[in-house]
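Everything below concerns the one structure shown next.
The values are calculated or read from the model by the stated rules, or taken from the named source; none is laboratory data. For clarity, every value in this text was computed on a predicted model and none was experimentally measured. We place every Cβ from the backbone using ideal geometry, glycine too, and count neighbours over all the protein chains shown. Quick note on the areas: whole protein, heavy atoms, side chains included, nothing else; ligands and nucleic acids left out. Shrake-Rupley method; radii C 1.70, N 1.55, O 1.52, S 1.80 Å.
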Amino acid sequence: MKFRLKRLAKKQPDRVQIKVQNGQFEIIGMGVWHSYWRDPYHLLLTIPWTGFLLLICISYLAINLIFALAYWLGGDCIANAKPGSFLDLFFFSVQTLASIGYGAMYPKTLYANTIVTIEAMIGLVGIAVMTGLAFARFSRPSARVIFSRVAVITPYNGVPTLMFRTANQRRNLILEAQMRVYLMRDEITAEGGFIRRFHDLKLLRNQTPSFTLSWLALHPIDEFSPLYGMSAESLMQTNTNLVISVSGIDETVAQVVHARHTYTASNILWNSRFVDIFHHTSDGHRYIDYKYFHDVLPLDETG
């Protein structure tokens, strides 16, 4: 992967730039943005809602400006519009595109009726497309799962163990939740070739019948673990990443939801532990305080 990206950067240095930091690839350049526009449907489904609404507004204004210009080129073709008033023609285009039809202004020439026909067809198709995209964005299942900002390596039952926390931010259940953890790092083969290799990390518990509150993931670093014998320095040198994937069935919509998170080598803290988030009330009940969800302490500190 790394080798291919470097070759691409050499072939098109003005269009693609590759930046590698802590094992993460950042691809920037006008060529990358251009590739997004080759798949506009995917782009409109994945951009933030602010960008989606902004694109709709810009497209709506652009269409009306184009048709207002078309009416203006037709001369005095719209009845009751002020002669030479581009603003009147613009608002007539708005009325036509939205099928409002106030009746105060109307086409009076064959040219104007032809443009109105074209605009009406574009308006119908545009409303259908916009409605479909909005529905697809609203109906797309999504998980509100948070992950601790860092992962820690600390002893657990006498064995060094990789730990990180995740929690379900919604007040519902994620049924049959499953978690997979992958380790990615740079390796050199016996023949001296470079490879970006994936390893599965085995968890003490990789599934739960209902993911409701918090989930502490535990991976023992024994002789069978890809992390065995590694240190903070070797993690940095090999550009090690941890990729976490959580999936399950959202109880509310009965659809599969996914969540994904990545830890770089700099996000893995050694000889540290998470601050406890489980507490007891005076009457014996237990509760979770998410205020300390991301907090860690060195092993030599107590309390």
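If the condition is being small (Gly, Ala, Ser) and surrounded by 12 or more Cβ atoms within 10 Å (Cβ to Cβ), then the stretch 267-288 contributes only SER272. Tell me, yes or no, whether the stretch 250-266 has at least one residue that is buried (at least 19 other Cβ atoms within 10 Å of the Cβ) and either over 22 Å from ARG140 (Cβ atoms) or over 28 Å from the mean Cα position of the chain (by Cα) (or both). For the stretch 250-266, residues buried (at least 19 other Cβ atoms within 10 Å of the Cβ) and either over 22 Å from ARG140 (Cβ atoms) or over 28 Å from the mean Cα position of the chain (by Cα) (or both): present. Inside the stretch 60-92, residues that are in contact (Cβ under 8 Å) with a residue 60 or more places away in the chain and among the small types (Gly, Ala, Ser) make up a count of 0. If you check GLY123 against the conditions, is it without any contact (Cβ under 8 Å) to a residue 40 or more places away in the chain and either touching a helix residue (DSSP H, G or I) at 6+ places or on another chain (Cβ under 8 Å) or buried (at least 17 other Cβ atoms within 10 Å of the Cβ) (or both)? Judged against the criteria, GLY123 is a match. Of all residues in the stretch 135-152, those satisfying the criterion of being more than 16 Å from the chain's Cα centre (by Cα) and in contact (Cβ under 8 Å) with a residue 24 or more places away in the chain are SER148, ARG149, VAL150, ALA151, VAL152. Of the residues making up the stretch 180-194, those that are of a type outside the set (D, E, K, R), modelled with pLDDT of 90 or more and out of contact with any Pro (no Cβ under 9 Å at 6 or more places or on another chain) are VAL181, TYR182, MET184. Of all residues in the stretch 157-184, those that are at negative phi and either surrounded by fewer than 17 Cβ atoms within 10 Å (Cβ to Cβ) or not in a strand (DSSP E or B) (or both) total 10. Scanning the stretch 43-77 for residues that are closer than 17 Å to VAL129 by Cβ, at pLDDT 90 or above and either in contact with a strand residue (DSSP E or B) (Cβ under 6 Å, 6 or more places away or on another chain) or buried (at least 17 other Cβ atoms within 10 Å of the Cβ) (or both) yields a total of 3. Would you check if ASN80 is open to solvent by 80 Å² or more (accessible area, probe 1.4 Å), assigned by the TED database to the domain that holds ALA128 and more than 30 Å from SER142 (Cβ to Cβ)? Yes, satisfied.
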